Amino acid sequence: METLHSNIELTRILASSLVTLLGVFLSWFLKYKWGEYRQKKITREIKQSKLVQTVLEQQLSEYSAQRAFILQRHNGGKYGTGKSMDKLSTTFEALEEGVSTEFKEYQNLPISLYSSLVDIVQNERGIFPVTEDIDDILTRAFFNQRGTKTAVVYSISQGTDLIGLVGFEWTHKLKNIENSYVEFKQDGKVIGETLSKLL
């Protein structure tokens with residue numbers, strides 16, 4: 001009987017030791033793999049960010065614009081009613097030499113303030129030959145505060161979900177922009193689609 005108890009006790013000790021050893025190994029393995037996964041994820045995000053920045057800079061150059069930006073949509077907490085907030089923040093910006101950066105000023109913008117701009121852009125009407133002539137006061141102010149005279153803004157969407165806006169700004173009025181409407185609309189689809197896969 002005593003041998004049976006000592007065998008049971010020995011089995012318990014061995015099982016406990018095995019569980020502890022397995023736990024230590026599993027913990028080490030998960031830490032190592034998780035670290036490896038996180039590093040790969042960070043590396044992938046950096047590569048994608050560089051690619052997005054390159055797309056923005058190339059298009060800035062092709063359009064001969066002075067500033068290009070991406071405003072990405074994100075959640076921004078909750079209102080007192082419990083309803084979630086949607087916001088826009090500048091996540092990328094490309095500039096012509098000598099043009100001021102604006103990204104710091106355009107973070108956590110409530111979409112509710114820029115709902116007209118978002119609506120205009122989503123309906124493929126985001127071509128503003130003269131920003132001073134924009135009917136919506138907040139949209140006009142958005143561009144005027146940035147010193148923008150002409151702007152083109154495209155939506156970045158995945159299906160029906162808005163991911164963000166990509167815009168190109170000129171500090172002078174573009175002449176004959178009306179002649180380029182079709183080209184801008186076609187560009188908007190291609191640029192928006194491309195960026196939706198990278199953001």
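The table that follows gives values for the structure above.
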| read-out | value |
| --- | --- |
| Tally, over the stretch 74-132, of residues that are charged (D, E, K, R), within 20 Å of the chain's Cα centre (by Cα), surrounded by 13 or more Cβ atoms within 10 Å (Cβ to Cβ) and closer than 22 Å to residue 172 by Cα | 2 |
| Where a residue in the stretch 135-147 is under 18 Å from residue 96 (Cβ atoms) and its partner, wherever it lies, is not in a helix (DSSP H, G or I), with Cβ under 6 Å and at least six apart | 143/151; 146/102; 147/171 |
| Candidates 12, 67, 38, 44 - the one that is at pLDDT 95 or above, surrounded by 10 or more Cβ atoms within 10 Å (Cβ to Cβ) and of a type in the set (Lys, Arg) | 67 |
| Candidate set: the stretch 170-188, residues that are under 19 Å from residue 122 (Cβ atoms) and in contact (Cβ under 8 Å) with a residue 24 or more places away in the chain; chosen: the one surrounded by the fewest Cβ atoms within 10 Å (Cβ to Cβ) | 181 |
| Residue in the stretch 160-191 that is modelled with the highest pLDDT, counting only those that are of a type in the set (Ser, Thr, Tyr) and assigned to a loop (DSSP other than H, G, I, E, B) | 171 |
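The values are calculated or read from the model by the stated rules, or taken from the named source; none is laboratory data. What you see is a predicted model, and the numbers here were worked out from it, not measured in a lab. Glycine gets a Cβ as well: all are built from the backbone with ideal geometry, and neighbour counts include every protein chain shown.
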